[in-house]
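**Q** The structure under discussion is supplied below as structure tokens; questions concerning it will follow.
The values are calculated or read from the model by the stated rules, or taken from the named source; none is laboratory data. Remember, it's a predicted structure, so these values are computed and weren't measured experimentally. Cβ placement follows ideal geometry from the backbone for every residue including glycine, while neighbour counts extend to all protein chains displayed. These accessible areas exclude ligands, DNA and RNA; they are computed on the full protein's heavy atoms, side chains included. Shrake-Rupley method; radii C 1.70, N 1.55, O 1.52, S 1.80 Å.
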Amino acid sequence: MSSGNESCLFENGSVNFLSCLVHVWEEWAGLGKLEDFLSFLEYLVWVFTPLAVVFILPFLIVIFLYLSILFLHVYKRKIQLREAYSNNLWDGARKTLATLWDGHGAIWHGYEIHGLEKIPDEGPALIVYYHGAIPIDYYYFLASLIIQKGRTCHSVADHFLFKVPGFKLLLEVFSVIHGPQEECVKALRNGHLLGISPGGVREALFSDETYPLIWGKRKGFAQVAIDSKVPVIPMFTQNLREGFRSLGTLRFYRWVYERFRLPIAPIYGGFPVKFRTYLGDPIQYDPKLNAAELAEKVQQAVQALIDKHQKIPGNVLRALLERFQREHKED
């Protein structure tokens, strides 16, 4: 009899002891407060869900409208695309992607290109351009070349791009090379266009809204032009830094890149500012110029385009308002 009561007390004591432990743990972990917080959060969701629906649904309609416009850009060129695919699979793919990028540029940035007639209809030329935080303007330029000129352009990209998973096929189809001078000369001697940015990753990450050219003493591109005996065409896109900006001006990111060659500086933006790409007058081959002199001349030409077409420092709001200008007046 007594042993049964002791067993019962032991069990009750165990239950009480466990309950006490659970209570202490709840107090220590703040679960009571967590429950209150979750209840408050549930209340906020209940209150703001109707407001979110009210604002999100119109936004989705706008996205649908833009997708419809993009579809119309593709449909407008359906005959050209059909012909391209009938000739060569990759020609058709390039033209399709060019049409999509061209539509994106028109919709999101009101993209314009001035001086495309300076690109030869056939034969080689070296296009040298200012490198934005993301060279999206260069993608639009390539799309315009394919659509309006029926020409493709080989491009030089940094080594790290070839290490990005999944990029190999894209780089192959659009004839992107990592930049040995002999490969560049070969492409030009074969009659292709070639695009290169002497500033490269440094200019992309460490330039800013004042648009400094960060070319250092690079002259390899000039030697390529001399060896190939081709004209050099300078290029710059207005408001490029207002579309995308980089935090590379912070010393830490510059130190990491210079020490480890890691382009990790964060990039932000995607603002729908006005983009206008300007192509300068071709700098013809001159056997009297050496690589250093030609490099200096090309840099001055690109700087002249910046001085003429870009207000310094760049301003995002001003660049956004330019989307609403009916006509663009040349400076």
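**Q** Roll a 1.4 Å probe over the protein heavy atoms and report the accessible area of PHE71 in Å², nearest 10.
**A** Around 130 Å² of this residue is reachable by solvent.
**Q** Going by a ≥ b ≥ c, the root eigenvalues of the Cα gyration tensor, does segment 88-231 fall in the rounded group (a/c under 1.5), the prolate group (a/b larger than b/c) or the oblate group? Mind showing how you got there, number by number?
**A** Working: a/c = 1.32, a/b = 1.10, b/c = 1.19.
It is rounded, given that a/c, with a ≥ b ≥ c, falls under 1.5.
**Q** Under 5 Å between amide H atoms, partner at least 5 residues away or on a different chain: which partners does LEU193 have, H built in plane at 1.01 Å?
**A** For LEU193, the qualifying residues are ALA125, HIS154.
**Q** Name the shape class, rounded, prolate or oblate, that the alpha-carbon gyration tensor gives for segment 191-331, where a ≥ b ≥ c are the square roots of its eigenvalues, rounded holds for a/c under 1.5, and otherwise prolate holds if a/b is larger than b/c and oblate otherwise. Write down the numbers at each step before the final one.
**A** On the way: a/c = 2.40, a/b = 1.21, b/c = 1.99.
Because a/c hits 1.5 or more and a/b fails to exceed b/c, segment 191-331 counts as oblate.
**Q** Taking all pairs of different Cα atoms in segment 83-160, averaging 1/r and flipping that mean, what Kirkwood radius in angstroms comes out? Working shown, then result.
**A** Working: mean 1/r = 0.0734 Å⁻¹.
13.6 Å is the Kirkwood radius here.
**Q** Just read off the accessible area of CYS184 with the full protein assembly in place, 1.4 Å probe, to the nearest 10 Å².
**A** 0
**Q** Quick one: ranking TRP46, TRP255 by accessible area, 1.4 Å probe, largest first, what do you get?
**A** Values: TRP46 185, TRP255 125 Å².
Correct descending sequence by accessible area is TRP46, TRP255.
**Q** Given a 1.4 Å probe and heavy atoms of the protein chains only, how would you sort LYS274, LYS297, LYS288, LYS118, largest accessible area at the top?
**A** LYS288, LYS297, LYS118, LYS274
**Q** Here's something else I'd like to know. Under 18 Å from a point placed 7 Å out from the Cα of GLN148 along the Cα-to-Cβ direction: which residues of segment 113-136 have their backbone N that close?
**A** 113-123, 125-130, 136
**Q** Now, a different point. Taking a ≥ b ≥ c as the square roots of the eigenvalues of the Cα gyration tensor of segment 200-262, is the shape rounded (a/c under 1.5), prolate (a/b larger than b/c) or oblate? Display every interim value, and only then the final one.
**A** Numbers: a/c = 3.42, a/b = 1.50, b/c = 2.28.
Oblate, because a/c is 1.5 or more while a/b does not exceed b/c.
**Q** Go through segment 288-327 and name the GluC sites (Glu not before Pro) that are in a DSSP coil and have 12 or fewer other Cβ atoms within 10 Å of their Cβ. Write out the running numbers ahead of the final one.
**A** On the way: sites: GLU293, GLU296, GLU322, GLU327; in loops: GLU327.
Those that pass, being in a loop and sparsely packed, are GLU327.
**Q** Using 15 Å as the cut-off for backbone N distance, which residues of segment 104-130 belong to the label zone defined by a point 7 Å from the Cα of ASP281 along Cα→Cβ?
**A** 115, 118-119
**Q** Can you give the FRET efficiency for THR49 and ARG218, using 1/(1 + (r/R0)^6), R0 = 45 Å, r = Cβ-Cβ distance, to the nearest 0.05? Don't skip to the end; give the middle numbers.
**A** Details: r = 56 Å, r/R0 = 1.24.
According to the calculation, E is roughly 0.20.
**Q** Here's a follow-up. Filter the GluC sites (Glu not before Pro) in segment 96-128 down to the DSSP loop ones having no more than 14 other Cβ atoms within 10 Å, then list what survives. Before the final figure, lay out each step's value.
**A** Working: sites: GLU112, GLU117, GLU122; in loops: GLU122.
In loop regions of segment 96-128 (DSSP not H, G, I, E or B), the sparsely surrounded GluC sites (Glu not before Pro) are GLU122.
**Q** Rounded to the nearest 10 Å², what accessible area does PHE260 show when all protein chains are kept and the probe is 1.4 Å?
**A** Rounded to the nearest 10, that gives 110 Å².
**Q** Can you give the Rg and Dmax of segment 156-228 based on its C-alpha atoms, in angstrom?
**A** Both quantities, over Cα of segment 156-228: 13.5, 38 Å.
**Q** Just tell me which lysines come within less than 23 Å, Cα to Cα, of LYS297; anything on the same chain fewer than 8 places away is out.
**A** LYS118, LYS217, LYS219, LYS229, LYS288, LYS308, LYS311
**Q** Expressed in nm to one decimal, what extension gain is obtained for the pair ARG261 and LEU72 from 0.36 nm per residue of sequence separation less their Cα-Cα distance?
**A** Working: separation 189, 0.36 × 189 = 68.04 nm, distance 4.24 nm.
Answer, rounded to one decimal: 63.8 nm.
**Q** Can you run phi through the Karplus equation (6.51, -1.76, 1.60; θ = phi - 60°) for segment 179-185 and list ³J(HN,Hα) in whole Hz, with x for Gly and Pro?
**A** Per-residue couplings from phi come out as x, x, 4, 5, 5, 5, 4 Hz.
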